[in-house]
Amino acid sequence: MAKRVALAYSGGLDTSVAVKWLGEELGVEVVAVAVDVGQGDDFEAIRRRALDAGAVESVVVDARREMAEDFVVPAIFANARYEGRYPLVSALSRPVIVRHLVAQARLHGADAVAHGSTGKGNDQVRFDVGARTLAPDLEILAPARTWGLTRADCIDYAARHSIPVEATKEKLYSIDENLWGRAIECGVIENPWAGPPDEPFTLTRATQSKPREVVIGFEGGVPVMLDGRRVALAELIGELSSVVGAYGWGRVDMVENRRVGIKSREVYECPASLALILAHADLEGLTLERDVSHEKARLEPRWAELVYDGLWFSPLREAIDAFFSTTQRHVTGDVRLVLAPGSCIVAGRRSPMSLYDHGLATYDASDTFEHKDAEGFSRIWGLGLVTWAARQGGGSPGPAGTATDGPPARSPEVSGDEESK
Ligand code: ARG
């Protein structure tokens with residue numbers, strides 16, 4: 001049985017109750033570990049709140065840069081969107097938190113780690129699998145999976161034990177935020193037919209009506225410039241989020257498949273991440289060779305699924321990342337986004353590594369394409385089908401074809417095998 005546990009602490013109701021509950025019910029000492037992944041909270045207040053709730057130690061780790069460089073960068077390389085839409089906001093932050101949770105457990109001599117996730121979500125899987133992979137010797141405690149407390153029970157428990165919490169019984173949404181965006185669940189959102197309410201959105205409120213441009217500069221697949229200004233990634237994401245969000249663009253409303261087998265209606269606001277993925281994928285269109293690009297597109301959804309499923313610390317994710325890294329070498333250049341109320345579109349792209357050859361592409365006099373080569377290429381390209389059409393095809397012509405009821409008339413030249421070589 002564990003004696004000392006490092007708890008992933010958010011400062012919210014559940015993890016605050018967990019601090020006390022772990023001490024009272026399991027008799028363990030709690031080291032609260034709050035990890036700043038860009039959720040914009042007051043971390044000094046959070047640090048103190050954990051102590052007030054009964055933690056023996058309370059630490060705050062600033063992991064914003066790490067989140068940006070080690071987790072968001074690979075996600076951009078992967079153009080990562082789970083089920084084609086959700087840019088993995090929460091899924092990306094959990095392995096960052098797990099890393100620090102394990103490190104703090106070691107530092108403070110804990111023999112267990114704990115998290116506040118429930119049994120119905122993906123986050124528990126990400127915490128559990130991540131912690132088991134990094135530290136198989138540590139026990140894992142997940143009080144919210146076992147305590148059987150409703151939200152109202154938690155609030156009563158907090159009041160009984162003088163745990164300072166801001167929550168009220170009619171809290172409407174469950175919100176998870178980090179520098180890559182915000183995930184909003186619960187309340188009226190649980191009815192998939194009901195339109196999402198406006199109130200929980202904070203990053204995507206339309207305040208601008210005059211269209212504007214923003215130019216994103218990439219080097220080796222990494223966004224490094226905003227309108228020609230070099231900005232560190234975490235800051236670039238923050239700035240772009242305000243610029244794009246001010247046009248009310250960047251929301252996702254979807255029913256997604258959780259790893260635990262539950263369909264869930266989720267609403268996200270991710271103006272910066274969606275804009276960066278849009279721009280990055282577009283620049284790849286200009287700079288990636290065709291086969292690389294097509295193969296990469298096949299692996300992208302797999303990567304998103306792995307990370308969504310809590311398998312960040314896995315050899316397959318690492319192997320796919322190695323492939324993606326190789327592909328990014330020449331993904332350098334600028335993408336011009338045009339913003340207008342409710343819209344963000346790519347209006348132009350350029351690259352010193354561009355594979356776009358104007359001489360080959362143009363229809364004007366500067367054309368360098370060898371037109372006469374095309375005839376033979378095109379004939380051989382279709383050769384197999386010409387044979388097929390002559391021998392077996394023609395049975396199902398389109399509306400403009402000459403439909404017959406029976407098999408196609410056999411032409412004399414191709415009717416005998418002996419003549420056809
Ligand atoms: N459905 C998303 C995911 O699984 C968001 C989860 C948000 N987590 C939360 N505790 N509210 O990644």
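The values are calculated or read from the model by the stated rules, or taken from the named source; none is laboratory data. Small disclaimer: the values here were computed from a predicted structure and weren't measured. Cβ placement follows ideal geometry from the backbone for every residue including glycine, while neighbour counts extend to all protein chains displayed.
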Could you give me the residue pairs with C-beta distances under 9 Å whose first residue belongs to region 83-102 and is assigned by TED's automatic domain parsing to the domain that holds F127, whose second residue is away from the ligand (no atom under 14 Å from the Cβ) and of a type in the set (S, T, Y) wherever it lies, and which are 6+ apart or on separate chains? V98/T133
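Residues checked against (1) among the small types (G, A, S); (2) in contact with a Lys or Arg (Cβ under 6 Å, 6 or more places away or on another chain):
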| position | (1), (2) |
| --- | --- |
| V307 | no, no |
| G310 | yes, yes |
| T332 | no, no |
| P341 | no, no |
| A365 | yes, no |
Only unsatisfied item for A246, checking (1) more than 27 Å from T327 (Cβ to Cβ); (2) surrounded by fewer than 17 Cβ atoms within 10 Å (Cβ to Cβ), is (2)
Residues that are hydroxyl-bearing (S, T, Y), away from the ligand (no atom under 15 Å from the Cβ) and without any contact (Cβ under 8 Å) to a residue 12 or more places away in the chain: does region 124-134 have at least one? no
Test: P211 is within 16 Å of the ligand (Cβ to nearest atom) and either over 30 Å from R329 (Cα atoms) or among the charged types (D, E, K, R) (or both): no
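Tell me which residues, restricted to region 335-350, are surrounded by fewer than 18 Cβ atoms within 10 Å (Cβ to Cβ) and not β-branched (V, I, T). Give the derivation first.
So in region 335-350, the residues surrounded by fewer than 18 Cβ atoms within 10 Å (Cβ to Cβ) come out as 336, 338, 340-343, 345-348, 350.
Scanning region 335-350 gives R336, A340, P341, G342, S343, A347, G348, R350.
Of all residues in region 114-155 being among the small types (G, A, S) and assigned to a loop (DSSP other than H, G, I, E, B), which is surrounded by the fewest Cβ atoms within 10 Å (Cβ to Cβ)?
Going through region 114-155, the residues among the small types (G, A, S) turn out to be 114, 116-117, 119, 121, 130-131, 135, 142, 144, 148, 152.
Checking which are assigned to a loop (DSSP other than H, G, I, E, B) leaves us with 116-117, 119, 121, 135, 142, 148.
Values: G116: 23, S117: 22, G119: 11, G121: 19, A135: 19, A142: 19, G148: 7.
Per the criteria, the residue is G148.
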(1) in a helix (DSSP H, G or I); (2) touching a residue at least 60 places away in the same chain (Cβ under 8 Å); (3) away from the ligand (no atom under 16 Å from the Cβ): which one isn't true of V33, the others all being true? (1)
I'd like to verify a number: residues in region 204-235 that are crowded, with 17+ Cβ neighbours inside 10 Å, free of Cβ contacts under 8 Å to residues at least 24 places away in the same chain and over 23 Å from L286 (Cα atoms), how many? 1
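Can you tell me which of E305, E289, E284, E300 is over 19 Å from F71 (Cβ atoms), touching a residue at least 12 places away in the same chain (Cβ under 8 Å) and within 19 Å of the chain's Cα centre (by Cα)?
Values: E305 fails: over 19 Å from F71 (Cβ atoms); E289 fails: within 19 Å of the chain's Cα centre (by Cα); E300 fails: over 19 Å from F71 (Cβ atoms).
Going through E305, E289, E284, E300 in turn, just one is over 19 Å from F71 (Cβ atoms), touching a residue at least 12 places away in the same chain (Cβ under 8 Å) and within 19 Å of the chain's Cα centre (by Cα): E284.
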For a quick check of your reading of the model, give me the residue pairs whose first member lies in region 162-187 and is under 19 Å from Y308 (Cβ atoms), whose second is modelled with pLDDT under 95 and away from the ligand (no atom under 14 Å from the Cβ), with beta-carbon atoms closer than 7 Å and at least 6 apart or on different chains. E177/G40
Please verify whether A158 is farther than 30 Å from L306 by Cα, surrounded by fewer than 18 Cβ atoms within 10 Å (Cβ to Cβ) and of a type in the set (A, V, I, L, M, F, W, C), treating the condition exactly as stated. no
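Given P196, P200, which one is in contact with a strand residue (DSSP E or B) (Cβ under 6 Å, 6 or more places away or on another chain), in the same structural domain as I237 (by TED's automatic domain parsing) and away from the ligand (no atom under 13 Å from the Cβ)? Break it down stepwise before answering.
Values: P200 fails: away from the ligand (no atom under 13 Å from the Cβ).
After applying the criteria, what remains is P196.
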I'd like to verify a number: residues in region 75-94 that are assigned to a helix (DSSP H, G or I) and either more than 22 Å from T133 (Cβ to Cβ) or more than 12 Å from the ligand (Cβ to nearest atom) (or both), how many? 3
